[in-house]
1. Taking 7 Å along the Cα-to-C-beta vector as the label spot, tell me the A290-D20 distance in nanometres, rounded to one decimal.
2. If Lys and Arg each add +1 and Asp and Glu each add -1, what is the summed charge of the other residues whose beta carbon sits under 10 Å from the beta carbon of D11?
3. Would you calculate the separation in nanometres between label points at K239 and S53, each defined as 7 Å from the Cα along the Cα-to-beta-carbon direction?
4. As a check on your grasp of the helix formula, calculate [θ] at 222 nm for the chain: sum -39500 (n - 2.57) over DSSP H runs of n ≥ 4, divide by the residue count, round to the nearest 500.
5. Please give the helix 12-21 orientation as an angle from the longest Cα principal axis of the chain, in degrees from 0 to 90, rounded to the nearest 10.
6. Please give me, ordered by residue number, the trypsin sites (Lys or Arg not before Pro) of the stretch 226-284 that lie in loop per DSSP and have at most 14 other Cβ atoms within 10 Å.
7. Report in % the part of the accessible area of the stretch 1-129 that belongs to carbon and sulfur, leaving out ligands and nucleic acids; probe 1.4 Å.
8. Can you list the equivalent-ellipsoid semi-axes of the chain, largest first and in whole Å, using the square root of 5 times each Cα gyration tensor eigenvalue?
Amino acid sequence: MTTPVNLLDFDLEGLAAWCDTLGEKRFRAAQLFRWIHQRGVADFGQMSDLAKSLQGKLQGRALVAAPAVISQHESKDGTIKWLFDVGGGNAVEAVYIPEDDRGTLCVSSQAGCAVACRFCSTGHQGFSRNLSTAEIVGQLWFAEHFLRRHLKTDQRVISNVVMMGMGEPLQNYDRLLPALRTMLDDHGYGLSRRRVTVSTSGVVPMIERLARDCPVALAVSLHAPTDALREHLVPLNRKYPIDELLRTCTAYLAHAPRDFITFEYCMLDGVNDSAEHAQALIELMRRHGADGLRAKFNLIPFNPFPQSGLTRSPMARVQAFGKLLNDAGIVTTIRKTRGDDIDAACGQLAGDVQDRTRVGTRIARQRAVVLHQVPAPGAAKAARKMVP
Ligand code: SAH
Ligand code: SF4
């Protein structure tokens, strides 16, 4: 008996190709895909209008399985965080952030991360492994259908997905791509390309591939205006320096669903947050703006964790930095904290579960900074909402 295939591993094309090997037509694959993703059904026997012959072929050959939930925490403000077991002592997190006009899910792409940014607790954990497509999509599949039951609705709850959980999505490109396609597919989650955001530390060749294969909204974690400083904070900068990265961003705009790129900038006390840094950033963006780069900035107050040896910039400095950028015509917002009481911190989420109590303590130490933004002083009204 062969191991059953997890159908969450397939986008519609992949599922159609697999169904073809069973002698099943494409429309059957679309029907199956809708049962799984739109209705959240995992039991083939419950897929009432699916041909009995196909149901029979699926039994034993296939399954629909998201990673198991280790824990769930719900914040007073409605933010919900799940820790998923991905085997081998590894766990990843996903965070749901409800807002008036949207519901955003922050999704992980890897267990750990090899980029090793200085200010990121995922980076400090090192790299364990890439998530499979089923593990990436499974976070959305589980969260969406859990939330519909939880909120007692049959309407879609998650309207936006941001790949801002653990890991560098563009270093797991081959598994990410079918996951993105499933999010966008009308037979899947039907999300618009503007509402799916890939956040990257700047894997230049993969940004180029994403532009061709599946141009969703792009967020680039910049964090510094010069190569010397960025190399120190984001070691990947040695391979793909700032000018090359920003030229790639300009080229991405020709394909992007929005007419700007979002740049994330984590505010680190005394490291990258002075007026001189802001000025250097303004000059950098002017230089690339001349070639057509349109940018919005999102300042993220740093979530401190002990091993980093770094601290969060005082709020007054974050605001002053934002004002300098806004006054120079660069639309800038400051990310507002959400879910503090459950430590739902996007971008620096939990790691391995080899010692689950230790992970629990570590998560408990983290402070929450998630995806709701507020404009920095001087921000144009239009800048209110940065993450699509
Ligand atoms: N690897 C991708 C996506 C995951 S990180 C990337 O780096 O873009 C998501 C966001 O959280 C990034 O902008 C990252 O810089 C930010 N981040 C990571 N650690 C953080 C911390 N300790 N405090 C605040 N933001 C952090
Ligand atoms: Fe990896 Fe992003 Fe963390 Fe850097 S910030 S270590 S790229 S997850």
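1. Result: 5.1 nm between the two label points.
2. Details: positive: R181; negative: D9, E13, D185.
For residues surrounding D11, the net value is -2.
3. Result: 4.9 nm between the two label points.
4. Working: 12 runs with 130 residues, N = 388.
Taken over the chain, the calculation gives -10000 deg cm²/dmol.
5. That works out to roughly 30 degrees.
6. Details: sites: R230, R238, K239, R247, R258; in loops: K239, R258.
Those satisfying the criteria are K239.
7. 51 percent
8. Working: eigenvalues 267, 100, 72 Å².
Rounded to whole Å, the semi-axes are 37, 22, 19.
The values are calculated or read from the model by the stated rules, or taken from the named source; none is laboratory data. It should be emphasised that the depicted structure is a prediction, and the values quoted were computed from it without experimental measurement. Note: ideal-geometry Cβ built from the backbone for every residue, glycine included; neighbour counts use all protein chains shown. In case anyone asks, the SASA skips ligands and DNA or RNA and just uses the protein heavy atoms, side chains included. Shrake-Rupley method; radii C 1.70, N 1.55, O 1.52, S 1.80 Å.
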